[in-house]
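Where a number appears in this text, it was derived from the coordinates with a stated rule and is not lab data. Quick caveat, the model's predicted, so the values are computed rather than measured. Note that each Cβ is placed from the backbone with ideal geometry, even for glycine, and that neighbours are counted across all protein chains shown.
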Ligand code: UD1
Ligand code: UDP
């Protein structure tokens, strides 16, 4: 089978790693990088660390408005499909790269396979919600990470080609956590943290909050962004913040309170796994990070009104917080009752890559 796979943004590299390895054992994969993320620490580092094959094409679309960015990808992907004549095209998640890939293939009557299908926040103002609803409705095989995702699709009348494969990010965590522990396990990194301003400081394991912030609904609203930083600066433990370039750009020129906040550049995946598993808590608006915190049994506070990953809310492993200074502080500094409770296996067994391959090759008939 010859498949085109579309990747472009940081979380897609992490999802692609186990699938590419599995699929290439017996099939041909043409890997297309749209270039949505392009800084070395948002792209190349993941290829190096996770052994992802070098992309066959890089469209180099870069940043831009939603319309311009998606249109450039659409044009580039269409050309590649016409040239390569694949048997199918696979997309991951809910970014503009996902939608562009799905749309280009669907219009050319090439089967579309969507990994992480069926996720919903039921907030249509989110670009991700728009991308995932549109992608799901033009996909031929819908590869769901959870039973919730399967039932979300059913509510929209989408039942054909729907398969629960488990979560592919769980595969990546399981394959890499020991490697991460071996690489960073002596804790030296915590003694030599270099702040953005060049200052070297020290942190202690389990005595810091690990935070990330990049979601448009939080960063594009100046009041919300300032509230997040104000809450972080008032917390009872230091906040380690590997800062997404979008957020970095948006705080430039703002009077942001940085007391208690250690801003570092985005880090690689292995270091991120190590930082998650050694944090007292993860505080984030990222989709992927909520799950990784859960997989690594680190409590999480999510800086959003909704989450697509509702399974993580059970027993308060993950708690949602609106963007209000006092609410964030209260939720983050809550008593951690969750650690008494075991976690159900809602995200599968860590063999999603294999199940996705089987479902694609089988034409999505596994569950029919
Ligand atoms: C995108 C996805 C989001 C995903 C996130 C993962 C969409 C609509 N959004 O958001 O769902 O959670 O990726 O991180 O697809 N930038 C750089 N260097 C880079 C990449 C981005 O400087 O390598 C800056 C640019 O100023 C750019 C901004 O970040 O304008 C936003 O990048 P973009 O890819 O448009 O959206 P993300 O916020 O990264
Ligand atoms: N990540 C990383 N380094 C960082 C921040 C995040 O390796 O500095 C990883 C994180 O562990 C997860 C993925 O990037 O695997 C999540 O990406 P992001 O938060 O950008 O996107 P989302 O999941 O919200 O779409």
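Within segment 328-362, being without any contact (Cβ under 8 Å) to a residue 40 or more places away in the chain and over 30 Å from residue 20 (Cβ atoms) holds for 330, 331, 334, 335, 337, 338, 340, 341, 342. Residues of segment 48-64 that are touching a helix residue (DSSP H, G or I) at 6+ places or on another chain (Cβ under 6 Å) and within 15 Å of ligand 1 (Cβ to nearest atom): 59, 61. The residue list 77, 45 contains one member that is touching a residue at least 60 places away in the same chain (Cβ under 8 Å), away from ligand 1 (no atom under 12 Å from the Cβ) and touching a helix residue (DSSP H, G or I) at 6+ places or on another chain (Cβ under 8 Å), which is 77. Of everything in segment 217-242 that is in a loop (DSSP other than H, G, I, E, B) and touching a helix residue (DSSP H, G or I) at 6+ places or on another chain (Cβ under 8 Å), the residue that is surrounded by the fewest Cβ atoms within 10 Å (Cβ to Cβ) is 220. Residue count for segment 296-325 satisfying the condition of being touching a helix residue (DSSP H, G or I) at 6+ places or on another chain (Cβ under 8 Å) and assigned to a helix (DSSP H, G or I): 6. Annotation: residue 182 fulfils all but one of (1) in contact (Cβ under 8 Å) with a residue 24 or more places away in the chain; (2) farther than 17 Å from residue 288 by Cβ; the unmet one is (1). Restricting segment 34-59 to residues that are within 18 Å of residue 175 (Cβ to Cβ), within 17 Å of the chain's Cα centre (by Cα) and away from ligand 2 (no atom under 12 Å from the Cβ) leaves a set whose member that is surrounded by the fewest Cβ atoms within 10 Å (Cβ to Cβ) is 47. Residues that are surrounded by 18 or more Cβ atoms within 10 Å (Cβ to Cβ) and touching a strand residue (DSSP E or B) at 6+ places or on another chain (Cβ under 7 Å) do not occur anywhere in segment 246-258. Take the residues of segment 297-318 that are in contact with a strand residue (DSSP E or B) (Cβ under 9 Å, 6 or more places away or on another chain) and closer than 19 Å to residue 206 by Cα: which is surrounded by the most Cβ atoms within 10 Å (Cβ to Cβ)? Per the criteria, the residue is 300. If the condition is being within 16 Å of ligand 1 (Cβ to nearest atom), in a loop (DSSP other than H, G, I, E, B) and either at positive phi or surrounded by 18 or more Cβ atoms within 10 Å (Cβ to Cβ) (or both), then segment 193-216 contributes 213, 214, 215.
Taking residues in segment 288-305 that are without any contact (Cβ under 8 Å) to a residue 60 or more places away in the chain and within 15 Å of residue 272 (Cα to Cα), and partners anywhere that are part of a loop (DSSP other than H, G, I, E, B) and within 14 Å of ligand 1 (Cβ to nearest atom), the pairs with Cβ atoms closer than 7 Å and at least 6 places apart or on different chains are 290/307; 290/309.
Among the residues making up segment 245-266, those that are assigned to a loop (DSSP other than H, G, I, E, B) and closer than 18 Å to residue 49 by Cβ are 265, 266.
Only residues that are under 19 Å from residue 168 (Cβ atoms) and either touching a strand residue (DSSP E or B) at 6+ places or on another chain (Cβ under 8 Å) or within 11 Å of ligand 1 (Cβ to nearest atom) (or both) were counted in segment 1-29, giving 20.
You will find that of 31, 89, the residue that is within 22 Å of the chain's Cα centre (by Cα) and either surrounded by fewer than 19 Cβ atoms within 10 Å (Cβ to Cβ) or touching a residue at least 40 places away in the same chain (Cβ under 8 Å) (or both) is 89 and no other. Could you please find all residues in segment 267-287 being part of a loop (DSSP other than H, G, I, E, B), within 10 Å of ligand 2 (Cβ to nearest atom) and surrounded by fewer than 22 Cβ atoms within 10 Å (Cβ to Cβ)? Correct list: 267, 268. Out of (1) within 12 Å of ligand 1 (Cβ to nearest atom); (2) under 26 Å from residue 171 (Cβ atoms), what's the single condition that is false for residue 67? Failed condition: (2).
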